1. How many of the residues making up segment 40-84 are in a strand (DSSP E or B) and either among the aromatic types (Phe, Trp, Tyr) or farther than 13 Å from Ile96 by Cβ (or both)?
2. Scan Tyr170, Tyr117 and give me the residue that is among the aromatic types (Phe, Trp, Tyr) and not in a helix (DSSP H, G or I).
3. Quick one: which residue in Ala683, Ala713, Ala742 is in contact (Cβ under 8 Å) with a residue 24 or more places away in the chain, surrounded by fewer than 22 Cβ atoms within 10 Å (Cβ to Cβ), of a type in the set (Gly, Ala, Ser) and more than 30 Å from Leu402 (Cβ to Cβ)?
4. Go through segment 479-493 and report how many residues are modelled with pLDDT of 90 or more and surrounded by 17 or more Cβ atoms within 10 Å (Cβ to Cβ).
5. Looking at segment 82-95, which of the residues that are among the aliphatic types (A, V, I, L, M) and out of contact with any helix residue (DSSP H, G or I) (no Cβ under 6 Å at 6 or more places or on another chain) is farthest from Leu21 (Cα to Cα)?
6. Can you name the residue in segment 48-60 that is of a type in the set (A, V, I, L, M) and surrounded by 17 or more Cβ atoms within 10 Å (Cβ to Cβ) and is also nearest to Thr88 (Cα to Cα) among such residues?
Amino acid sequence: MQGEGEGAVMIAYDGPVNILLVDDHPDNLLALEAVLGDLNCNLVKCLSGAEALRCLLKDEFAVILLDVQMPEMDGFETARLIKSRKKTQETPIIFISATSKEAEHFFTGYEAGAIDYMLKPFVPQILKAKIEGFVRMYVGHKTLQLQAELLQRQTMELERSNRELMMTTYQLTKSQALTRAIQETSMDTMMTFDEEGIILTVNPAIKSMFGYREDEVLGHPVTMLIPCFEGGSYRTHEGGAPAKNGAGGNKQQPGQAGQSSEHGEWFRARGIEASADIPFESGAAVCAALSERRQLNPIRKDGSRFPAEIQIGVATIDEERVYACTVVDVTERNRFEQELMAARDTAEVAARAKTNFLTMVSHEIRTPMNGVLGMAGLLLDTELDGAQREYADIIRKSGEALLSVINDILDYAKIESGKLEVEKLPFKLPLLIAETFDLFTAKSRQSRLTLTYEADPAMPELLVGDEIKLRQVLVNLIGNAFKFTSEGSITVTSKMLAVHGQSVLIEFIVADSGVGIAEDKLPLLFHPFSQVDTSLTRQYEGTGLGLAICKNLVELMGGSIGVSSVPGAGTTFRFTVQLQAWPASQHDPSADEGSFAALAGESFGSFYEAELTGSGSDVEPSEHGQASAHAQPSKTTADRAGGAAVLVADDNEINQKLTLSLLDKLGISADVAGNGSDAVDLAFNRNYDLILMDMRMPVMDGLEATRRVLASAPPGRAPIVVAMTANVLPSDRERCLEAGMADFLAKPIQFDAVKRVLKRYGIEPERTQSSL
């Protein structure tokens, strides 16, 4: 039960009240139960002291009636044990005994902790009255305990509330102090004003930004600082004429002409209709619009204007709306943005100039190199004596070495300028490794080195990634291994490290038994233009770019590269790349591998179904540039009754001769056009099966010529146009594909590359292939 005091809730104990009756005679227990049965208490009966102690361990009792004479453990010993326990030492004990030694037992009973001692036979009314008193004391004690607990909880709650209040007060004080510090130290002007536009507070930045002291603006209309807040900006008559004086009733100040109309248009553009009935900054729509950042032109004390960014917030305090406004001077920011835009434009111009320079350098170097290497190859195929063959072979090897250096420099330049992109095309890893090893077959035989490949059995057969860049890394690392290994073996290993869905992480290891590298030189390996041996007597040549390019290419493919080496025992390069497994349900792209359409990003499935089925090239493209000036006039072979019709479009006479010679070796005669315009004319007059088109030529370039040739071709008789290009940038490939080119031949043009392209497109020789 509960009662109410003044502001407090009183609690009374209404739980169970237990009375413990202990006697070794059941009849005596029944007699006690008869006397106390109507007290509405739980009477717990025990026949021994030990049983009574067990009950005390489980329950709490208001009073204990204890017999003195009991077997095994008498009442006095039981009472001593009860009083020795902390939980029961305050429980009142009444001895009931029939012994004749009253004085001696009384003394012993009270000494054992009893609160009373009654003799049998006892008066039931007296016993009942005593028990009722002890029950009332027990209930009162329990009630006091409950009230003390409630008071303790209320005290703790008050203390918690007090701590929270103190913390809130502290946070509020701290927030106010921080706000004040921010306002006082901010370089931006912060002000508040009421619904009438009267300035209430302002921070010290008003002096440096507007030229006013704080006391000069407090209590004045905000329009003296921001003219567009004049009433006319919010309520403008049709035609843009200003309305009556607005906020604060002030008149328009000098220099405000046109501002109201200008900013009124801004508000109307955001759905705020201008009307003379709309008060200054009234309505949620205005507040919502003003919460946007807006660049306006406030006015200083001297009448000058400056660009500023303004933002307004609104709060309702005691049913009054208060506006907070922040003004940021953006003069310096605007100037910086203009400088940044100018710098960006300059950088873009420089980047374009760098790209154009790379293109031009690539063309101007590769075009003569195409002639040098091509003619050297043709010369080696002729009847030569020993000395002549040696000289021709030196020319070819020197040209290849120079081309390798040029490729490294151009590749690194493209990486530095961010022109390289990762392509995701399907390829077969075993085929890639086999083609890479083919490049080193002759060198392996000459040096008597064993070149082996160890594959992970769990490796997917088809992978998706950048095959060209992966091959370039492997070629560079294997080439380095051959360079620094005089005897022993070179081993290439591939391992699948992790699989996440279709994504796979693959590790490649290139290990050799060469001279090794000193530990202090290892950090220099991946730096551009760095050499382990920079002395004048160094044994191994190179630009120092190869490994730097490898590092950039590996990181571009989502991996990393590292090296370990033991001088005199060999070197091991490890690198990882992120690839994807080609789904087994999709078309096998092996027949289309390396095609120009695929390299430009076309799917193999769609390309396989296209008109140019089976196109592709195993030759990596590279940069292309301006054409040479000496062009050979166009000429036409006699009409052939059989064989393929081929046209070579190139403005460089040496390249013309080289291409015609390579085709002649394959038993194919070809027409020649010296520029794009001549190529269009020849194609208009004759249905060619294949056109080898240089990209950059005078009069008309190869891209435009390709578009015109394909546009004018009869239905079903469009020729296959193959670009002869040095361009490797993805944008250049896309331009070629968009123009309609099906494939490409990289410069310097190689005999095997021409042979593969002709075979791919089914170009049959018109006579038996000439002897090589």
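The values are calculated or read from the model by the stated rules, or taken from the named source; none is laboratory data. Predicted model, so just to flag it, every value in this text is computed and none were measured. All Cβ positions, even for glycine, are placed from backbone atoms using ideal geometry, and neighbour counts span all protein chains on display.
1. Within segment 40-84, the subset in a strand (DSSP E or B) is 42-46, 63-67.
Next cut, either among the aromatic types (Phe, Trp, Tyr) or farther than 13 Å from Ile96 by Cβ (or both) only: 42-46.
Residues meeting the conditions: 5.
2. Details: Tyr170 fails: not in a helix (DSSP H, G or I).
Unique residue meeting the criteria: Tyr117.
3. That would be Ala713, the only listed residue that is in contact (Cβ under 8 Å) with a residue 24 or more places away in the chain, surrounded by fewer than 22 Cβ atoms within 10 Å (Cβ to Cβ), of a type in the set (Gly, Ala, Ser) and more than 30 Å from Leu402 (Cβ to Cβ).
4. If we filter segment 479-493 for residues that are modelled with pLDDT of 90 or more, which is where we start, we get 490-493.
In the following step, the residues that additionally are surrounded by 17 or more Cβ atoms within 10 Å (Cβ to Cβ) were identified as 490-492.
Here the count works out to 3.
5. Start the filter on segment 82-95 by keeping residues that are among the aliphatic types (A, V, I, L, M), which leaves 82, 93-94.
Next, from what is left, pick out any that are out of contact with any helix residue (DSSP H, G or I) (no Cβ under 6 Å at 6 or more places or on another chain): 82, 94.
On the way: Ile82: 14, Ile94: 10 Å.
Filtering first and then ranking leaves Ile82.
6. Here is the first cut: in segment 48-60, the residues of a type in the set (A, V, I, L, M) are 50, 52-53, 56-57.
When the remaining residues are screened for being surrounded by 17 or more Cβ atoms within 10 Å (Cβ to Cβ), the result is 52-53, 56.
On the way: Ala52: 12, Leu53: 10, Leu56: 8 Å.
Top of the filtered list is Leu56.
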